[in-house]
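See structure below.
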Amino acid sequence: MRTPVIAGNWKMFKTLEETKAFFQELGNMEFPSQVEAVVCAPFLSLPWMGEHVSNKVGVGAQNCHFETEGAYTGEISLPMLQTVGAKYVILGHSERRQYFAETDEVVNQKVRAVIAHQLVPILCVGESLAEKEANRTNEVVKEQVVKGLADVSADDAKKAIIAYEPVWAIGSGKAATAEDAEEVIGYIRQVLAEIYDQTTADAVRIQYGGSVKPENIATFLAQPNIDGALVGGASLKAESYAQLVQNAVQGGK
Ligand code: PGA
């Protein structure tokens, strides 16, 4: 039984004050216990979140360095994230691949470091529009999954979350159809079975991401292989975030 995980990806939005206002508004809203609710916020909000809201949502970062310390100006390490109560780290988001030149090899180093520090990696994969139009979706996601999980044991892979995010669906308002997302995510599970074994493939949670909203989240979660969502824009407002978590349960999981 895979517990669905709904993770907000706040990207470069919200000052600490805005973060506090969000959680104040979220207040005592009840979350269904069948769903794991996570918010991946900018680093500066994490210490406060770790202290004040980690009983309500899982606290996540959006990046990290793979070394524990060193001369890496501007970077944040996993021991630093551990001390503020972060439990998840988004890795290899397409914006980091595109704007910050993150390669599969770097993403893999980060995945292994996150697992070694007992945090949960949310490994993002997904094809661009050009790749989709060239019918290369499976080939692209397979390469990202295989390289991203290189030298990760089956037991460690079971702890990871994979987010399938077609690049053309991110922030575009044009989500994939639930059927198309299910097809690719089913394929990713098949790739996991090839790399590891069926038991491992069946244990890994795989999210869909890209223009998920309270109105469409249930259709994704109703699919047998889709175990949650990674949500950008629609996770920024407290009411919308709460609806995402609540509506995820209607997906029948
Ligand atoms: P979106 O972003 O929900 O705004 O499309 C998703 C993401 O980038 O993780």
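Quick notes
- Some residue of segment 192-205 being more than 10 Å from the ligand (Cβ to nearest atom), open to solvent by 10 Å² or more (accessible area, probe 1.4 Å) and in a loop (DSSP other than H, G, I, E, B): yes
- Screening Lys56 against (1) crowded, with 16+ Cβ neighbours inside 10 Å; (2) at pLDDT 95 or above leaves a single unmet condition, (2).
- In the set Val114, Val107, only one residue is over 17 Å from Leu192 (Cβ atoms), open to solvent by less than 10 Å² (accessible area, probe 1.4 Å), part of a helix (DSSP H, G or I) and not polar (S, T, N, Q); that residue is Val114.
- When segment 166-191 is filtered for residues that are within 16 Å of the ligand (Cβ to nearest atom) and either more than 22 Å from Ala130 (Cα to Cα) or outside any helix (DSSP H, G or I) (or both), the ones remaining, listed by number, are Pro166, Ile170, Gly171, Ser172, Gly173, Lys174, Ala175, Ala176, Thr177.
- The C-beta contact set for segment 184-200 (first residue closer than 13 Å to Leu149 by Cα, second residue of a type in the set (S, T, N, Q) and open to solvent by less than 20 Å² (accessible area, probe 1.4 Å), distance under 9 angstrom, 6+ apart or interchain) comprises Leu192/Thr200; Ala193/Thr200.
- If you go through segment 206-232 and keep only what is within 17 Å of Ser172 (Cβ to Cβ), out of contact with any strand residue (DSSP E or B) (no Cβ under 7 Å at 6 or more places or on another chain) and within 12 Å of the ligand (Cβ to nearest atom), you end up with Gly210, Ser211, Lys213, Asn216.
- When Ala218 is tested against the conditions (1) over 15 Å from the mean Cα position of the chain (by Cα); (2) buried (at least 21 other Cβ atoms within 10 Å of the Cβ); (3) not in a loop (DSSP other than H, G, I, E, B), the lone failure is (2).
- Filtering segment 78-102 to residues that are open to solvent by 60 Å² or more (accessible area, probe 1.4 Å) and hydroxyl-bearing (Ser, Thr, Tyr) leaves Thr83, Tyr99.
The values are calculated or read from the model by the stated rules, or taken from the named source; none is laboratory data. Please read these numbers as outputs of a predicted model, since none were measured by experiment. Positions of Cβ are backbone-derived with ideal geometry, glycine not excepted, and every protein chain shown enters the neighbour counts. Just the protein is used for accessible areas: all its heavy atoms, side chains included, with ligands, DNA and RNA removed. Shrake-Rupley method; radii C 1.70, N 1.55, O 1.52, S 1.80 Å.
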